[in-house]
Amino acid sequence: MAQAAIELIGINKSFGAVRANRDINLEIARGTIHGIVGENGAGKSTLMSILYGFYQADSGEIRVGGKPASIKTSNDAIALGIGMVHQHFMLVDNFTVLENIILGAESDALLKKSIAKARSELERLEREYGLEVDPDAIIEELPVGLQQRVEILKALYRGAEILILDEPTGVLTPAEADHLFRILRQLKDQGKTVVLITHKLREIMAITDNVSVMRQGTMVATRETSKTTVGELAELMVGRRVLLRVEKGEAEAGAVKLAVKNLTVKDSRGVTMVDDISFDIKAGEIVGIAGVAGNGQSELLEAISGIRHAVSGSVMLDGKPIDLTGKADPGELRDRGLAHVPEDRHHVGLVLAFEENENSILGYHDDPRYLKGPFLNIDAIMADAKDKIEKYDIRPGNPRLKTANFSGGNQQKIVLAREMEQDPGVLIVGQPTRGVDVGAIEFIHKRLIAMRDQGKAVLVVSVELDEIRSLSDRILVMFAGRIVGERGPEATEGELGLLMAGVERQEAAE
Amino acid sequence: MDVFIAIVQILDSTIRLSVPLLLACLAGLYSERAGVFDIGLEGKMLVGAFAGAAAASVFHSAFLGLGMAIVMSVAFALVHGFASITHRGNQIVSGVAINFVAAGSTIILGQAWFQQGGRTPALQPGERFEAITLPGAAAIHDVPIIGPIYSELLSGHSILVYLAFAMVPFTWWVLFRTRFGLRLRAVGENPAAVDTAGISVAWLRYRALICTGVLTGIAGAYLSMVQNGGFVKDMTAGKGYIALAALIFAKWRPVNAMFACLLFGFLDAAAIRLQGSPLPLIGKVPVQFMQALPYVLTVILLAGFIGKAIPPRAGGVPYVKER
């Protein structure tokens, strides 16, 4: 085995009563790509934050390049050649690329000299690693993939030999993710060490040399990637066998519940995002909409659920039209049996500052079940919340806890529980498992299929192709605001991928 | 020619009246650009005015007065920092508290030390900043147009006036041309980016507040040692708040801040000048209306005429490392 770039020995870290890291031992070989997987809250990010000097370990030893290292601040980590690309980018949005790169590493008290020096250094890095980016562009005007590239350049500019990436593909399109992987391989070829934190097992299999699995604050295993399987890793992560593809019977499709005809929707800038789309969903089936993010799926969801106006077209719910001019409010649609799990749970689905029990009835709070005269019936709401917590295995099971303190997967379960328990006829779900870990994905998928088997019409929009293929009875592919093809669940990934890229548009449009 | 002289005179008092606004506005710019809202500009100015006048009259030195004004104002700024940076308190509450403490303590200490109803003794020559006559001002006084502009408008102000206007390009240079300025702007937009770059967020914000304290100290000294011959209770009379309004109006940019403060100063000067004199078409207007005019215009300007003013994104939020 090559020489170790980093050794962590007996690392412990607690936040109050929570033991985020327990007695962690880890060795990362120089010049490799090392994956760290684990569910949300398994302690991956805490461990890496300790390595980057953001937090300090309660006990344990860190060795960098074989020498014991004391990392008290991010500055110490940078000086030891450790760079980090955070999940939420640490960039100043209204600064230029160059300004962001030099921030904290300015070579001179005056900016002019620092920027001139950085510019030539940046050109060298761009040549060496193929990381092209306009140095004078403003960060907020760059696509997410390029912003991430700036983060990588920032670390390299500081002389990073060891690069830690925290959930780097969460915000990327599949094409951007592929590009990122090419960059990471190139970094490895140049002798850099890459640590990749993720909960997406496919990525681990695709790119890493070694992989370590964390569960509930402990390091449970380290494997050579070529000698393990996705199934084994998932089992190690969750601590039990996980079904990566939920089993389901044949759909027994009934009457049409939701019929969309010639729907056209524009976004706030006036650009046509949904272009003359027609499809319908029958009772007892799951229809999946696949597509690269930004091809009109969000606008389609918003129009159907009454959040956004449509320009033209019609949507029929149980044979009766939905007013698309903005007069139908989401509340009215809820009353008519259309439940909506929005794509963006933080901004649309939940009020993060509310307690769990409040979010568990949000939107249904004027239902007589939750009222006592003009007042909220707190006892009924709490009982209802506890019921949902049990049914959906929401953890921690405390309905008085602030929603922001739940993990992503549990927040999503709160929203799903709220919408599914209303027993709607039609359920619309955007990105059902975005930012959700393996164990919870399995649970959510099972629930969605259970809804289908109860005879509900379910629409699932997701950028995860695996998810679409595993759930759907029919798959619609959206590209540039249009449905460019319909396939059955047996469609291959390659076939769908081509449709998503708009390649077969002519033949598929029919 | 009378009209011309009248205009020059109004502009001259515009400059005098906008100086405290400008200093306070730039003071606010440093702290708000660093992400710390400072509603306590008013209080710090008041403390500066009192400390300056008191020290000047006791030690018989204008410069000692100015020094004391700055020291005390910075001390109050550090209190604001201690509450809102170190202890992550609410910045508005801390700022309001500073205003109350300043208003009360200046009166109490003034009365205890000088027994003149909260005033400080009238400052004698040498204890206040005198007007500076620029070279050649007397010589070209009688040259038409240029003469009055040079000798009335540009010459004959105290050193603090020139200092205030010099602070405008200086602040711009600090903010946009130095490492300190880059970091200061960054910490007001995304403190986490600064933290992960290995720079202390707290120390950076404290330094910004020290800049704020220095400038509000000078602003206070100007009020009690230049504009007035001593400290009078509550002599800031809301200028700290007008300065904050000007800061928003200026979209947190130094040169814009100068023009905003000149505009507010001009409205003030015009109101004073036009008091009691009949206006064409309208006739005689009550004094109170003219006095209220700058404030009314402030509301109108802030409500509709500046477009979208985007404050520094991390403004008002104490920085806590995320878990």
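Could you please find all residues in segment A:104-124 being assigned to a helix (DSSP H, G or I), surrounded by fewer than 17 Cβ atoms within 10 Å (Cβ to Cβ) and of a type in the set (A, V, I, L, M)? A:Ala116 - this is the single residue of segment A:104-124 that is assigned to a helix (DSSP H, G or I), surrounded by fewer than 17 Cβ atoms within 10 Å (Cβ to Cβ) and of a type in the set (A, V, I, L, M).
Taken residue by residue, segment B:67-90 has at least one member that is small (Gly, Ala, Ser), surrounded by fewer than 24 Cβ atoms within 10 Å (Cβ to Cβ), outside any helix (DSSP H, G or I) and on the phi < 0 side of the Ramachandran plot. Taking A:Gly60, is it farther than 30 Å from B:Ile310 by Cβ, open to solvent by 30 Å² or more (accessible area, probe 1.4 Å), touching a strand residue (DSSP E or B) at 6+ places or on another chain (Cβ under 6 Å) and not hydroxyl-bearing (Ser, Thr, Tyr)? Yes; evaluated as a whole, the condition is true for this residue. Any idea which residue in segment A:462-498 is farthest from A:Gly249 (Cα to Cα), counting only those that are polar (S, T, N, Q) and either in contact (Cβ under 8 Å) with a residue 40 or more places away in the chain or touching a Gly at 6+ places or on another chain (Cβ under 7 Å) (or both)? Step by step, filter segment A:462-498, then rank; the result is A:Ser462. Of all residues in segment B:202-231, which are within 14 Å of chain A (Cβ to nearest Cβ) and open to solvent by 10 Å² or more (accessible area, probe 1.4 Å)? B:Ala202, B:Trp203, B:Arg207 - these are the residues of segment B:202-231 that are within 14 Å of chain A (Cβ to nearest Cβ) and open to solvent by 10 Å² or more (accessible area, probe 1.4 Å).
Matching residues to (1) of a type in the set (A, V, I, L, M, F, W, C); (2) at positive phi; (3) assigned to a helix (DSSP H, G or I); (4) surrounded by fewer than 18 Cβ atoms within 10 Å (Cβ to Cβ):
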site	(1), (2), (3), (4)
B:Thr236	no, no, no, no
B:Leu244	yes, no, yes, no
B:Ile248	yes, no, yes, yes
B:Lys251	no, yes, no, yes
B:Val255	yes, no, yes, yes
B:Phe259	yes, no, yes, yes
B:Leu263	yes, no, yes, no
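Across segment A:5-47, the number of residues qualifying as over 30 Å from A:Gln411 (Cβ atoms) and open to solvent by 10 Å² or more (accessible area, probe 1.4 Å) comes to 8. Scanning segment A:61-93 for residues that are among the hydroxyl-bearing types (Ser, Thr, Tyr) and more than 7 Å from every other protein chain (Cβ to nearest Cβ) yields a single hit, A:Ser70. Selection of first residues in segment A:328-352 that are assigned by the TED database to the domain that holds A:Gln411 and of second residues that are part of a helix (DSSP H, G or I) and open to solvent by 40 Å² or more (accessible area, probe 1.4 Å), restricted to Cβ pairs under 6 Å at least 6 apart or on distinct chains, gives the following pairs, ordered by first then second residue: A:Pro342/A:Val348; A:Leu352/A:Ala404.
Inside segment A:109-141, can you point out the residues that are within 14 Å of chain B (Cβ to nearest Cβ) and hydroxyl-bearing (Ser, Thr, Tyr)?
A:Ser114
Annotation for segment B:147-170: no member residue is in a helix (DSSP H, G or I), closer than 30 Å to B:Ala49 by Cβ, within 11 Å of chain A (Cβ to nearest Cβ) and out of contact with any Leu (no Cβ under 8 Å at 6 or more places or on another chain).
Within segment B:190-201, the set of residues being surrounded by fewer than 20 Cβ atoms within 10 Å (Cβ to Cβ) and facing another protein chain (nearest Cβ under 7 Å) comprises B:Gly198 only. Farther than 30 Å from B:Gln275 by Cα and open to solvent by less than 20 Å² (accessible area, probe 1.4 Å): is that true of B:Ala97 in this structure? No; evaluated as a whole, the condition is false for this residue.
The values are calculated or read from the model by the stated rules, or taken from the named source; none is laboratory data. All of these numbers come straight from a predicted model, not from anything done at the bench. We place every Cβ from the backbone using ideal geometry, glycine too, and count neighbours over all the protein chains shown. All accessible areas refer to the heavy atoms of the entire protein, side chains included, with ligands and DNA or RNA removed. Shrake-Rupley method; radii C 1.70, N 1.55, O 1.52, S 1.80 Å.
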